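Student: Can you read through this structure? Questions will come right after.
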Amino acid sequence: MAPRRIENRTALKTSEAGQEPSQAADSVSLSRPRVSLGTSVLQSSNAAGLAAASSLLSGPIAAATAGPLRIILAGPPGGGKGTQSDFIQERWGAAHLSTGEMLREEVKNDTELGRQAKEYMDRGELVPDDIILKLVRSRIEKEESFILDGFPRSIPQAEGLDQMLTEMNKPLTSMIMLDVDDEVIVKRLLARGRADDTEDVIRNRLKVYHEQTEPAIAHYRRQGLVESVPAAGSIETTRDLVLDRIEKRLEGAAPTLETALSSSSLAAAPAVPGHSARAFLQEIDSLVEAGKTPYAPGWTEEQRSEVTEKTRSLIQEALVHAPEASVGQLARAAKLQADHTVEEVSASPRLVRLGVGSAVLGLSAAAVGLWQGAPAVAAVGATVAAAGLLTGALNWKGAERFTELAKALGGTRDLLEGWSVTLAQS
Ligand code: AMP
């Protein structure tokens, strides 16, 4: 299957029913929810599932889906962009274009550009936009498929990129946003120990990320191109989520929102001032009454009604637990729940190993007990074995279920955040 191009980059807006989106009188853009509960080969996060999935991926499937894939990989420094790029590259064969790598190469070769860039890099600041844009243009020109890693990192870079991609007629597939909390990043980067990885520089890079790069992400969120992936868990868990989101984007699959927010996540999410969820619900109702539904390229009327209905029921349910919630708070609750879920996913394989390990020990003890004619030892051994097997089995299943949940929650968050970005602006 050749990847489907998403030609219309104003991905999702409310349009008059039956009208082309470009003719819509007033538009509300929101990010395209992309929740994958379908039939991906990458559904399970257990060891056997992963092994099967990777063998499938290196086989004929990868070749069959080759085609233009243009991804921006965004996320904080140390969020795992390089690692995840490799997986995407392996799967679809797109060129990996990392501005950080390109700059380090220039510094190493002691070029004029390298000398200019080095002082910014050493301080953890952004290298000036014109240098970066010049650097990437020549590379993007040569590639049909590419993964942009660490670029664009500011609004001028995003606008520069948009302009060159329009000129070259190379529309983006999506932006994958690897979502990791600052404290996790600091720990990870200190462990990595690169020359520009001292705690002060790391904190400065995070500050720069929040101040300059996040607005660029919001720029693409408004175009409906962003897929947030919770990335605090294991590399494999994140990989499954990333590949699955891209796969679904290429398929242009129907949006679904399969999950509700738990009341504990809602209670834990800090109240954020802003658009109230209740008022937002009323707005959705009045939009529907006026015959408008959310729009994304390739969506059928049915999918548009479905997404409206899912948004309504999600918010209605959340309001039962948190009557005063704002849209931003719901988005944060979805993020909290997603992070928690990812932690559980990464813990599960360990529990599987623990369970299987204790089952083996228990069975050995039971065998020894029986062999030596000591029924008490045999009984204890058998109990340990049964408990171990149960732990293993439960967590094996649990890992799969949690991965599904994490994907669904990522979609919930994209949906809510997309709406809130739009409404905050209007
Ligand atoms: P990275 O390896 O992506 O973390 O980049 C390392 C350093 O290179 C950053 O801290 C910046 O100083 C610089 N850099 C990389 N990409 C960009 C970019 N797109 N814009 C500005 N500076 C960049």
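Only the coordinates and a few stated rules stand behind these numbers; no lab work does. Since the structure is predicted, the reported quantities are computational estimates derived from the model, not experimental observations. No Cβ is skipped: glycine too gets one built from the backbone with ideal geometry, and neighbour counts run over all protein chains shown.
Student: Can you tell me how much longer the chain between Thr300 and Asp122 gets when fully stretched, taken as 0.36 nm per residue apart minus their C-alpha distance, in nm with one decimal?
Tutor: Additional length available on full extension: 59.1 nm.
Student: Relative contact order (percent) for the range 321-388, with alpha-carbon contacts under 8 angstrom and 6 or more residues of separation?
Tutor: 28 percent
Student: Want the number for Leu390 to Asp130: 0.36 nm per residue separation, take away the alpha-carbon distance, what's left?
Tutor: Taking 0.36 nm per residue and subtracting the Cα distance, the gain is 87.7 nm.
Student: If you place +1 on the Cβ of every Lys and Arg, -1 on the Cβ of every Asp and Glu, and leave all else neutral, what size is the dipole of the range 118-219 about its Cα centre, to the nearest 20 Debye?
Tutor: It comes to approximately 300 debye.
Student: Would you please give the FRET efficiency between Ser313 and Ala271, computed as 1/(1 + (r/R0)^6) with r the Cβ-Cβ distance and R0 = 25 Å, to the nearest 0.05?
Tutor: 0.65
Student: In terms of modelled amide H atoms, which long-range or inter-chain residues lie less than 5 Å from the amide H of Ser174?
Tutor: Arg70, Ile72
Student: Just add up the charged neighbours of Leu266: K/R +1, D/E -1, any other residue whose Cβ is under 15 Å from the Cβ of Leu266.
Tutor: +1
Student: Would you mind checking which residues have amide H under 5 Å from Ser326's amide H? H placed 1.01 Å from N; only 5 or more apart, or other chain.
Tutor: Residues meeting the amide H criterion: Val272, Ala277.
Student: Let me ask something additional. Dipole magnitude of the range 337-412 about its Cα centre, charges +1 at Lys/Arg Cβ and -1 at Asp/Glu Cβ only, in debye to the nearest 20?
Tutor: Result for the range 337-412 is approximately 180 debye, rounded to the nearest 20.
Student: Apply the Karplus curve 6.51 cos²θ - 1.76 cosθ + 1.60, θ = phi - 60°, to the phi angles in the range 148-160 and return the couplings in whole Hz, x for Gly and Pro.
Tutor: Those phi angles translate into 8, 10, x, 8, x, 10, 7, 4, x, 5, 5, 5, x Hz.
Student: Among the lysines, which have Cα under 23 Å from the Cα of Lys170 when same-chain residues fewer than 8 positions away are ignored?
Tutor: Lys13, Lys81, Lys134, Lys142, Lys248
Student: I've got another one for you. What are the ³J(HN,Hα) couplings of the range 341-353, residue after residue, when phi is run through the Karplus curve with 6.51, -1.76, 1.60 and θ = phi - 60°? Round to Hz, x for glycine and proline.
Tutor: For the range 341-353, the Karplus curve yields 4, 5, 4, 5, 4, 6, 6, 4, x, 5, 5, 4, 5 Hz.
Student: Considering amide H positions built from the backbone, and no H for Pro or chain starts, which residues 5 or more places from Ser98, or on another chain, come under 5 Å of its amide H?
Tutor: Hits under the 5 Å cutoff: Asp149.
Student: Here is a further query. In the calculated pair distance distribution of the range 149-231, what percentage of Cα-Cα distances lie above 14 Å?
Tutor: Summing the P(r) of the range 149-231 above 14 Å gives 69 percent of all pairs.
Student: Given the range 284-366, report the % of alpha carbon pairs whose separation exceeds 21 Å.
Tutor: Roughly 58 percent, rounded to a whole number.
Student: Sticking with this structure for a sec: Computed over the Cα atoms of the range 62-172, what is the convex hull's projected area averaged over all directions, in nm²?
Tutor: Hull-based average projected area comes out at 7.1 nm².
Student: Given points 7 Å out from each Cα along the Cα-Cβ axis, report the Asp182 to Arg139 separation in nanometres with one decimal.
Tutor: About 2.8 nm, to one decimal.
Student: Quote the FRET efficiency, to the nearest 0.05, computed for His210 versus Gln163 with a Förster distance R0 of 22 Å and r equal to the Cβ-Cβ distance.
Tutor: E between His210 and Gln163, to the nearest 0.05, is 0.30.
Student: Still on this structure, I have one more. What are the ³J(HN,Hα) couplings of the range 94-99, residue after residue, when phi is run through the Karplus curve with 6.51, -1.76, 1.60 and θ = phi - 60°? Round to Hz, x for glycine and proline.
Tutor: 7, 6, 8, 10, 10, 5
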